[in-house]
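A.B. asks: I have a structure here, written as structure tokens, and I will follow up with some questions on it.
The values are calculated or read from the model by the stated rules, or taken from the named source; none is laboratory data. Not measured: the values here are computed from a predicted model. Note: ideal-geometry Cβ built from the backbone for every residue, glycine included; neighbour counts use all protein chains shown.
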Amino acid sequence: MSESRMRLHFFSLVLLCSHPSFVATDFYFKSRTVGLVACRPQQIQALTDFKNEFDTRHCNPSDPFNGVWCDNSTGAMTKLRLRDCLSGTLNPNSSLFTLNHLRHLELSENNFVSSSLPSEFGNLNRLEVLSLSHL
């Protein structure tokens, strides 16, 4: 399957998500190679809800490793990288577990306090890469 991916720094997404009209509008990412790519609004809302479950003050907007990738033909979020950015508890009812098209999830170096590994990761049945390491 041919799939174009693009990324957007998480900080930029946080800024966009905090805009009052954000939920009511279509969300587009600019890609150098494929033009405009639309991400599904419900997936962006799930990511916004996930972000709101944590303290994100330590997110580095210039971190080249953090970002969101969407499939340009389906609008599904397929890759999410939020390294060294989140602080809080990863709950079993997290909106993260509704992003069922994710194939790559990078959440390493985050401060997930009092969190065990929720069995809901099993809901992400397309997941090929999961990184939760914390050194």
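A.B. asks: Take the residues in the stretch 93-116 that are of a type in the set (A, V, I, L, M, F, W, C), part of a loop (DSSP other than H, G, I, E, B) and within 15 Å of residue 133 (Cα to Cα); name whichever of them is nearest to the chain's Cα centre (by Cα).
C.D. replies: The first filter runs over the stretch 93-116 and keeps only residues of a type in the set (A, V, I, L, M, F, W, C), leaving 96-97, 99, 102, 105, 107, 112-113.
Add one more test, that the residue is part of a loop (DSSP other than H, G, I, E, B), and what stays is 99, 102, 107, 113.
Next, from what is left, pick out any that are within 15 Å of residue 133 (Cα to Cα): 107, 113.
Numbers: 107: 9, 113: 19 Å.
So the residue we want is 107.
A.B. asks: If you don't mind, another one. Tell me yes or no: at least one residue of the stretch 27-34 is under 17 Å from residue 110 (Cα atoms) and at pLDDT below 85.
C.D. replies: We begin by selecting, within the stretch 27-34, every residue under 17 Å from residue 110 (Cα atoms); these are none.
No; the residues of the stretch 27-34 include none that is under 17 Å from residue 110 (Cα atoms) and at pLDDT below 85.
A.B. asks: Before we move on, is residue 65 part of a helix (DSSP H, G or I), within 29 Å of residue 119 (Cβ to Cβ) and at pLDDT 50 or above?
C.D. replies: no
A.B. asks: I'm told residue 57 meets every condition in (1) at pLDDT 50 or above; (2) surrounded by 13 or more Cβ atoms within 10 Å (Cβ to Cβ) except one. Can you identify the failing condition by its number?
C.D. replies: (2) is the only condition that residue 57 fails.
A.B. asks: Taking the stated definitions as given, is residue 12 farther than 26 Å from residue 120 by Cβ, of a type outside the set (Asp, Glu), assigned to a helix (DSSP H, G or I) and modelled with pLDDT under 65?
C.D. replies: So residue 12 passes the test.
A.B. asks: Would you check if residue 90 is crowded, with 17+ Cβ neighbours inside 10 Å, modelled with pLDDT of 90 or more, part of a strand (DSSP E or B) and among the aliphatic types (A, V, I, L, M)?
C.D. replies: When the stated conditions are applied, residue 90 does not pass them.
A.B. asks: Cβ-Cβ distance below 6 Å, separation of 6 or more or different chains: which pairs start in the stretch 68-86 with a residue that is touching a residue at least 60 places away in the same chain (Cβ under 8 Å) and end on one that is β-branched (Val, Ile, Thr)?
C.D. replies: Qualifying pairs under 6 Å: 69/78; 70/37; 71/78; 72/34; 72/37.
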